Amino acid sequence: MRSSIQIVDVDRVETWSRYRAGLCDLCQANCCTMPLEVRLSDLVRLGLVDGFEAAHEDPGRIAKRLQKARLIERYHTKTELFTMARRADGDCSFLQPQTRRCTVYAQRPDTCRQHPVSKSPRPGYCAFGAHMSAIRAG
Ligand code: SF4
């Protein structure tokens with residue numbers, strides 16, 4: 001008999017599920033293990049960059065400070081995108097490891113707000129993987 005548990009590989013979009021409202025409540029937040037690119041405005045909203053600093057400082061210098069503090073992995077000068085640092089296991093550093101919930105939900109970056117509907121390697125689909133509590137509840 002075929003298992004009802006769908007195996008998802010975050011890096012292979014063909015294994016992703018069609019997104020629907022409410023799916024996030026059952027998920028182990030696989031999307032929060034993917035590389036996260038943000039803009040300076042997101043960093044201001046997250047409280048990692050001061051509004052005055054954002055308006056007056058060169059983004060490259062801001063990036064150096066954030067890299068030193070291990071808050072970002074790198075900065076792309078051409079696109080002006082910052083890649084956020086992740087934990088050793090690949091989780092976003094804002095993800096609560098046990099509950100698999102975002103700890104900065106109200107301030108989360110635009111990329112997170114737009115995923116998976118418009119901002120996604122496969123728009124409309126996501127790397128859904130059932131959270132253990134959802135599996136136990138059957
Ligand atoms: S900021 Fe929040 S929603 Fe965005 S990847 Fe991190 S934990 Fe997930």
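Structure notes:
- Residue in the range 39-54 that is among the hydroxyl-bearing types (Ser, Thr, Tyr) and either part of a strand (DSSP E or B) or under 23 Å from Ile7 (Cα atoms) (or both) present: no
- Index of the failed condition, Lys78 passing every other in (1) touching a strand residue (DSSP E or B) at 6+ places or on another chain (Cβ under 9 Å); (2) more than 16 Å from the ligand (Cβ to nearest atom); (3) not in a helix (DSSP H, G or I): (1)
- Matching residues in the range 99-132 - criterion: being free of Cβ contacts under 8 Å to residues at least 24 places away in the same chain, touching a strand residue (DSSP E or B) at 6+ places or on another chain (Cβ under 8 Å) and β-branched (Val, Ile, Thr): Thr103
Values in this text are rule-based calculations from the coordinates and carry no lab data. Predicted model only: the values in this text are computed from it and were never measured. Ideal geometry is used to build each Cβ from the backbone, glycine not excepted, and the neighbour counts take in all protein chains shown.
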